[in-house]
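Before any comments, here is the structure.
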Amino acid sequence: MEKELLQTINTRRSCRRYKSEQIPDDLLRQVLEAGTYAPTARGLQSPFIVAVQQPDQLRLLAEMNARVMGVSSNPYYDAPTYILVFAPDGGSNSLQDGSCVLENMMLAAHALGLGSCWINREREMFATEEGKALMKQWGLPDGLMGVGALALGYPAATPSEPKPRKADYYRIIR
């Protein structure tokens, strides 16, 4: 493996404080494209990726997620961009495929100097009538579930050092 790739993997951290400055379109496209190169079961490319930057929709998504979480704060940490990933509901590999897409985008964001944080509760959000209406508004096909999302933007703080890795994290069986 290339040393730079390993460095990107080892230094990526979740970002929970963002500058209000919107990211440029070229960086957003690079992050989104990285998601399209994630492995998917049988190469079907079944996930769908939606990037949201429109302020009213950001507010609505934050409210929907906060309702599921039972909080009044913004679960997307006021990032200027949210990226949502959807996959076929009931598909045997939907969660895995969507998760690979999200991870590819997090690594790409970090490599480009952006911060990201994986956000949960999209499955519950988009199982509602309100969520289904949004998916329809965005031109997504019926029968999808929310897998997860990313808060994305320029970090407003230096990430903390990683926690030490546990000693028995992996095993090699020979």
Going toward the positive end of the dipole of the range 23-153, with +1 on Lys and Arg Cβ and -1 on Asp and Glu Cβ, which of 34, 66, 143 do you reach last? 143
Can you sort 71, 147 so the residue with the fewest Cβ neighbours within 10 Å comes first? 71, 147
Can you sort 160, 99, 14 from fewest to most other Cβ atoms within 10 Å of each residue's own Cβ? 160, 14, 99
Using the 10 angstrom Cβ neighbour count as an exposure proxy, how do 169, 18 rank, fewest first? 169, 18
Check residue 119: other-chain or 5+ apart residues with amide H under 5 Å from its amide H, H built from backbone geometry? 149, 150, 151
Using Cα-Cα distances under 8 Å and only pairs 6 or more residues apart, what relative contact order does the range 23-153 have, in percent? 33
Hey, in the GNM for the chain with a 10 angstrom Cα cutoff, which one of 144, 152, 60 fluctuates hardest? 60
Using unit Cβ charges (K, R positive; D, E negative) and no other charged atoms, how large, in debye to the nearest 20, is the dipole of the chain about its Cα centre? 720
Rounded to the nearest 0.05, FRET efficiency between residue 60 and residue 161 (Cβ-Cβ, R0 45 Å) equals 0.80
For a quick check, take a GNM of the chain with Cα springs below 10 Å and name the residue from 137, 57, 96 with the largest mean-square fluctuation. 137
Order the peptides 29-37, 109-117 from the highest to the lowest mean number of other Cβ atoms within 10 Å of their residues. 109-117, 29-37
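FYI, it's all coordinate maths here, none of it is from the lab. No experiment lies behind these values; they were computed from the predicted model shown. With ideal geometry, Cβ positions are generated from the backbone for all residues, glycine too; neighbour counts draw on all protein chains shown.
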